[in-house]
Amino acid sequence: MATRGAGVAPLPFPPLLGLLWAPEAMDSKDAPKVTSPSTGESFTTAIERLDRALNRLDTSVRSLTGRLRSSSQLQADSQRLAGELDRATARADKLDEAAEIVSKRIEEAMTSVRSVLEEGDARG
C-alpha cells in the first residue's frame, strides 16, 4: 500500500476511502459535495440514502432472525408435543386393553355368581 511521502500524490477521495475502511470515522457532513451530472444528486444525499437503505436492511435482517428463532422454537415445541401425544396415545391404548380385560373378568365373575345363585335356587 502506498504511503504519503515525497513524490507520492495524495489519494483522490480520502474521505471516501475513510468511509470504506472506517465508516464510523466518517459522518455524512464530512463527505465532499459532489453532484452527479446525470441525476443532480449530491454525494451526501447518496450516502444518506445508502445509510437509510442499510438501516432498513439491518431491521429486516433482525426481523428475519427473530422469525427464524420463533420458527425454530415452534418446531421444537411441535416435536415435543408430538412425542407427548405419542406417549399419551400409547398409555390410552394400554388403559383400553386393561379395561377390556377387567370387563371380561367382571363378566366371568357375574356369570359365575349367577350360576352359583341358580344352583342354590335349584337346591332349594
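The values are calculated or read from the model by the stated rules, or taken from the named source; none is laboratory data. In this text the structure is predicted, and so the values were computed from the model without any measurement. Note: ideal-geometry Cβ built from the backbone for every residue, glycine included; neighbour counts use all protein chains shown. The protein model used for the area step is the full one, side chains on, heavy atoms only, and it has no ligands, DNA or RNA in it. Shrake-Rupley method; radii C 1.70, N 1.55, O 1.52, S 1.80 Å.
Could you grab the pairs with beta carbons closer than 8 Å, sequence gap of 6+ or different chains, first residue in segment 45-66 and open to solvent by less than 70 Å² (accessible area, probe 1.4 Å), second one assigned to a helix (DSSP H, G or I) and among the small types (G, A, S)?
Pairs that qualify, where the first residue is open to solvent by less than 70 Å² (accessible area, probe 1.4 Å) and the partner is assigned to a helix (DSSP H, G or I) and among the small types (G, A, S), are I47/S28.
Check off (1) exposed (fewer than 10 other Cβ atoms within 10 Å of the Cβ); (2) modelled with pLDDT under 50 for S38 and give me the number that stays unchecked.
Among (1) exposed (fewer than 10 other Cβ atoms within 10 Å of the Cβ); (2) modelled with pLDDT under 50, the lone unmet condition for S38 is (2).
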